[in-house]
Amino acid sequence: MKLKQIVDEVFGDYKEAGMLLIFPECSWKCEGCQNKHLALLETKNFPDEDIIQRFQENPFTKCIILGGLEPFYNESSIDDISMFISHLIEAYPTKEDRPMLIIYTGYEMNELGNILSKYAFDALFPLYGNGIIKCGRYVQDSSPYFNNTLGVTIASLNQDALDFRTCSFAHKKFNIPNASKTSTCDPS
Ligand code: SF4
């Protein structure tokens with residue numbers, strides 16, 4: 001997977017410690033973005049198997065966070081995410097054992113429906129099981145608030161997080177076209 005960097009332990013993005021994968025590109029859609037310095041880092045290819053092994057060797061982290069820059073930036077990064085989820089499913093055949101996978105995107109919920117359905121994420125994410133998408137632009141002058149789904153304070157009031165274990169709710173919120181036809185989820 002093409003990334004800027006892996007941070008083995010982060011504490012502010014979810015209620016449990018996580019491993020952060022920093023995606024390499026963004027269209028800079030948020031005014032006042034605090035992440036522009038990350039673009040200066042070299043982009044490298046990290047094999048999925050190495051990332052998963054690195055995560056498994058750290059007893060402190062319970063989730064994997066795909067974050068900023070923008071994980072849904074283009075087809076290449078979305079392909080990388082799809083492949084990574086497939087490799088996680090291979091590494092953790094039992095759904096209950098899979099680490100929580102959290103995608104931090106700057107797209108608003110109503111912009112995500114087409115992306116999720118075009119790349120079959122609306123099926124892949126529920127198939128994986130333990131997934132959350134945190135979405136919405138960073139707004140510099142907005143008020144931070146405590147988000148119950150993530151269990152941490154997030155930067156802007158317009159942002160929200162949806163848990164794909166309750167995917168019928170997520171389909172509705174993300175405005176996924178033909179949601180009833182694509183709903184293959186099993187929230188158990
Ligand atoms: S999505 Fe993230 S990296 Fe991109 S502009 Fe917004 S805050 Fe910055």
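Bear in mind that the values in this text are calculations on the coordinates, not laboratory data. Computed from a predicted structure; not experimentally measured. Cβ coordinates were reconstructed from backbone atoms using ideal geometry, including for glycine residues, and neighbour counts include every protein chain displayed.
Some notes on this structure:
- Shape of the chain, Cα gyration tensor, a/c cut at 1.5: rounded
- Amide H contacts for residue 100 (H built 1.01 Å from N in the peptide plane; partners 5 or more residues away or on another chain; cut-off under 5 Å): 64.
- Placing unit charges on the Cβ atoms only, positive for Lys and Arg and negative for Asp and Glu, gives the stretch 2-174 a dipole magnitude near 380 debye about its Cα centre.
- Length added when fully stretched, residue 90-residue 49, from 0.36 nm per residue minus Cα-Cα: 13.7 nm
- Taking 0.36 nm per residue of separation and subtracting the Cα-Cα distance, full extension of the segment from residue 79 to residue 7 would add 23.8 nm.
- Amide H partners (placed H, <5 Å) of residue 5, local residues excluded: 22
- Summing +1 for each Lys or Arg and -1 for each Asp or Glu among the other residues whose beta-carbon sits under 15 angstrom from that of residue 10 gives +1.
- The stretch 9-75: GluC sites (Glu not before Pro) in DSSP loop, at most 13 other beta carbons within 10 Å: 31, 42, 57
- The chain: relative contact order in percent, alpha carbon pairs under 8 Å with at least 6 residues between: 21
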